[in-house]
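Let me begin by presenting the structure, written as structure tokens, before commenting on it.
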Amino acid sequence: MQTHSVYLKTTGAIILFLVIVLCISAFSSLHRGSIPQRAASIQVGATKGDVERLLGEPDATFTRSIFVPMETWAFDTASFFDRMTGSASNRYRFARPLRSDVTVEFNSSGHVARVRIPVEGK
């Protein structure tokens, strides 16, 4: 009888864990999927604070360099599920944003100069 009880507790814990992972994945997908839509409302001239309130903290930032002409914030559009399963392409950024990132470029006074939203499937 005690073995049956342990089995039920273990099964219940596994089911609870899977439900939590699925909920996190669904929330993340909805949130990440909305980044391009929210980024579309950013106007040239907006401040860094405006961008952060709308999109949250960037996943990566790049200072001006030979690879990046202006300070650039990158927002990853891959979902939690894509990251966990490895189906997201290489998410490591070296010296510049990924093509799949939503990017916001800032001019020298810290205002938005350009917003780039990738076209899905490219």
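The values are calculated or read from the model by the stated rules, or taken from the named source; none is laboratory data. Values in this document were obtained by computation on a predicted structure and should not be read as measured data. Please note: Cβ atoms are built from the backbone with ideal geometry, for glycine as well, and neighbour counts cover all protein chains shown.
Name the residues in the stretch 44-88 that are modelled with pLDDT under 75 and either crowded, with 18+ Cβ neighbours inside 10 Å or in contact with a Ser or Thr (Cβ under 7 Å, 6 or more places away or on another chain) (or both), would you? Correct list: Ala78, Ser79, Phe80, Phe81, Asp82. Pairs are defined by a Cβ separation below 9 Å, a sequence spacing of at least 6 or placement on different chains, a first member in the stretch 108-120 that is part of a loop (DSSP other than H, G, I, E, B) and loosely packed, with under 15 Cβ neighbours inside 10 Å, and a second member that is modelled with pLDDT of 95 or more and not polar (S, T, N, Q); the pairs so defined are Gly110/Lys48. If only residues of the stretch 22-43 that are exposed (fewer than 13 other Cβ atoms within 10 Å of the Cβ) and more than 30 Å from Ala113 (Cα to Cα) are counted, the one that is modelled with the highest pLDDT is Leu22. Restricting the first member to the stretch 50-74 and to residues that are at positive phi, and the second to residues that are part of a helix (DSSP H, G or I) and modelled with pLDDT of 90 or more, the beta-carbon pairs closer than 9 Å and six or more apart or on different chains are Gly56/Ile35.
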